[in-house]
1. Go through the range 379-392 and report how many residues are open to solvent by less than 60 Å² (accessible area, probe 1.4 Å), touching a residue at least 12 places away in the same chain (Cβ under 8 Å) and over 20 Å from V339 (Cα atoms).
2. Take R280 and tell me if it is buried (at least 18 other Cβ atoms within 10 Å of the Cβ) and touching a Ser or Thr at 6+ places or on another chain (Cβ under 7 Å).
3. Specify the residue that is farthest from Q521 (Cα to Cα); the eligible residues are those in the range 464-493 that are polar (S, T, N, Q) and open to solvent by less than 10 Å² (accessible area, probe 1.4 Å).
4. Sort out which residues of the range 82-94 are crowded, with 21+ Cβ neighbours inside 10 Å and more than 18 Å from L21 (Cα to Cα), and write them in order of number.
5. May I ask you to say which residue of S405, S438, S359 is touching a helix residue (DSSP H, G or I) at 6+ places or on another chain (Cβ under 8 Å), open to solvent by 60 Å² or more (accessible area, probe 1.4 Å) and more than 22 Å from A328 (Cβ to Cβ)?
6. For the range 711-727, name all the residues that are at pLDDT 70 or above, within 44 Å of the chain's Cα centre (by Cα) and surrounded by 14 or more Cβ atoms within 10 Å (Cβ to Cβ).
7. Conditions first: (1) modelled with pLDDT under 75; (2) surrounded by 13 or more Cβ atoms within 10 Å (Cβ to Cβ). L773 passes all but one, so which condition is the exception?
8. So is L78 at pLDDT 85 or above, under 34 Å from the mean Cα position of the chain (by Cα) and buried (at least 17 other Cβ atoms within 10 Å of the Cβ) or not?
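The values are calculated or read from the model by the stated rules, or taken from the named source; none is laboratory data. All values derive from a computational prediction rather than experimental measurement. Ideal geometry is used to build each Cβ from the backbone, glycine not excepted, and the neighbour counts take in all protein chains shown. Surface accessibility is based on the protein's heavy atoms, side chains included, excluding ligands, DNA and RNA. Shrake-Rupley method; radii C 1.70, N 1.55, O 1.52, S 1.80 Å.
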Amino acid sequence: MDFHIMDSDCLSLLPAVCLVLADPKQSPPDDTSLEKLLDWFKDLHSQSNEQVLLQQQPCLKEFISSVCTSKTTDPAILSFALKLTGLLAGTKQDFHLLEEGGLLVCVFEREAWCACDLWEDASVRSGWLQGLLNMLKHRQALDFIHGNGLIEAILQLQNDGSLFVACLANQLLVHILNFLTSSNMTNGCDAVGSTESSLSPEWVSVSSEILKGVVEALSSDDLPRVLQGLRLLSSVPSQCGEPIRSTLWKDVLVPLKVLINRGSESLTQPLMTVLQAAVRTPLLGQSEYKVEELLEAMLGSGNKKESFQCAALIIKLEKCPEVLKSKAIDIVLFPLQCVSAQSQDTAEKMSLVLKEQLSQKVSCISFLMQSLSSLEELANTKYQFEGVSIHSVTSSVVLLLRICSGHRPSSLHINTSTHLIGCCKVQRCGLDTLGALSVYEENKDTRKDIFGVLLDYLQSPDSHATVLKKTYQATVRWIDACSLFPDLLHFISHDLFPVLKKRMCDLRWEVRDSTLEFITQLIVALNGNSGFIEALHTSGMVSILLSSLADTEGYVRASAVAAVGEAVTSSFHHMVLVSNSNLLEEALKQMMTILSQDTEGFPRRAVVKAFTSWLKGSAVYPSLSSVLSLGGNDFDWEVKMHTLDLAEVLMEKTLTACPYSVQNLGSSENTHLTQALSKLKEFGLFDLLFNSLFDCDRPVCEKACALLLKLRTLTSECADTDFTLVLNVNGNRWEDEVQSRYLNKGSVHGTNGVTVSDERTDSDLHLIKDISLPMLLHMLDLDDMQRMLRLSSDHVVNSPRSLMQDILSAAQQSEENTVDCY
């Protein structure tokens, strides 16, 4: 949006729009319209090629002056004017123009607004802050803020009743501090421990005022004020350089220690956010900044509820001293070990506080879920535990899952089973953790116990559908981890398959759906195991999968399609189709029925994706013409998108198999290319692409356009050769569009790959009947179509011109209504 080539209508409308907005008698536009108008000003201002916008559009200065001196201005318009003023003042030239005559001071002077109660409106306060934030792009802006005593006002707004205003004030203060430490404000020193004297002398008072405000906020007895101080402090380490970072950290050490020792649960997360920000900076590892000491204090003795929350947060830190992390791990795992403790020693180690917490249902479940989720996070990174037996930890998880399913070991010393039996939350969390623990080699010896508890959950009639889904996910992970063990195939054939057959008859569709998803994942995980593939086909599982294609629930049919698709793919790879030839035939028959007759979109989408998967993995092209035709004419836009994905794979495989070089096409290579494209034509690919290009769904058009551009690049290399591939225009859905574009192009009759209709009536004198593929691709102007398709569907309605016209139209209608009243 260059300032010179901008829509002249927008600029011509701007003076009238400014008059309407400045008129207090007019109802202000809605907030969304004002924000869109401001966005337009941002684009205009950023791309004005250093031209002074206020000189080009003096109506803006008049608007700002009128709004900010009026006592009856609407708060929304005043907020808009403040933001706009700051935006304009972001450049030095416009800043000086606004400063002339004291207009800038007038705009950001709060006393006048306080007198007429405008300052009481939160939108005005937020607009004031946003205006200053927009302005702070150069040194003169900071001079203005400091010289007019606005720092104090910003600090006061940290404690504003509006959370949005308070957060914006924090953001502005951090931005000021960051601005102070930028290269043009300092003497070039960015080493940790640099003193405040490395700042330019005129900025020392600015930083001191803000740092003092932060310390006062942290030392306050007012919790909201403390929280705002912590929010600001958490932003400084990552966003501000030296010397601000280290200077502020030294100043807040004492109040931080006080807050940590207070042990308030509401402060645990904000304090950890602050420490987490510090850990990611050079402050960590330097004794004078005491970051490790503060983290240690947060952990405390490990007996408080806050200690467990802190330990869980410390585990997530990317950079953390290993000693501290080990202590945090011990604290987090302790509730799990206590609940599943099978020795009196572990139970006796518990403090009275922990015993009390675990004896209460809510806190017991909360502690265990925190313990399990932390363990899962560590396992997902394959963390190497020191001093902790991963075998023992895994056994504790298995035992906890057994307790939740109603099994109470006689040796259990903590009576928590009544809280846990049938607790889906703990079961789901425990199963996620058990699945994550499959990465450790040490656990392979316990696979019998692990598969045992997983099988119990799958067999149990009391298992909730969501618990079964988690069980399936954990089972896949363990089967994948133990795929090389010889006893795995026996477990799957004799134990797992019978359970799956029963679950496929479950009355709950969610269970049938997750069972099919599990079977699909199982086939993918064991695709290289010929024994498993053979067992899959000889156990009757494939027949169950085929029968599930007719399930009453659409989601289940979609999952069944995916499972059958993977079964067929595995058959290709292991040549099982030779002995089970009716699998592909039956699968094709039922899938084509779904694609042509199913009333729900999910199964039809799954069918097209299955064909795409088959095409990627083999050279078999079964029923592709029918799939492209049905999928391309489907009323579900996602089915059409998946069909275009299939078409893309077909293009790549067909053209890749063509032995030509686009850099040096000879007659032989060109013949091969023509043959490849003719093959694509036989599949109906070109009809699909051209129909999709003019589809009513924009994503479909965009995808088709991208594929046609690929084809154009390829065929353009053949312009000077005897390249012949003619497409028939008549009778196609895209005929009208092509004929229209052909006529608008001032068509060339009977030449350059175009055959004109033989019947020359007045109405169709210049209509075409046949056209070569390169000519058609050239005529469609695909580049311009792609550009238009990438625009949002409402780009015209939301254009600046449309927005301004709406504002003026609303004002005119208001005037007409006023006349009608008389």
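1. The total comes to 2.
2. Against the criterion (buried (at least 18 other Cβ atoms within 10 Å of the Cβ) and touching a Ser or Thr at 6+ places or on another chain (Cβ under 7 Å)), R280 does not qualify.
3. Top of the filtered list is T471.
4. Matches in the range 82-94: A89, T91, D94.
5. Going through S405, S438, S359 in turn, the sole match is S405.
6. Matches in the range 711-727: L711, R712, L714, T715, L725, L727.
7. All conditions are met except number (1).
8. Criteria not met by L78.
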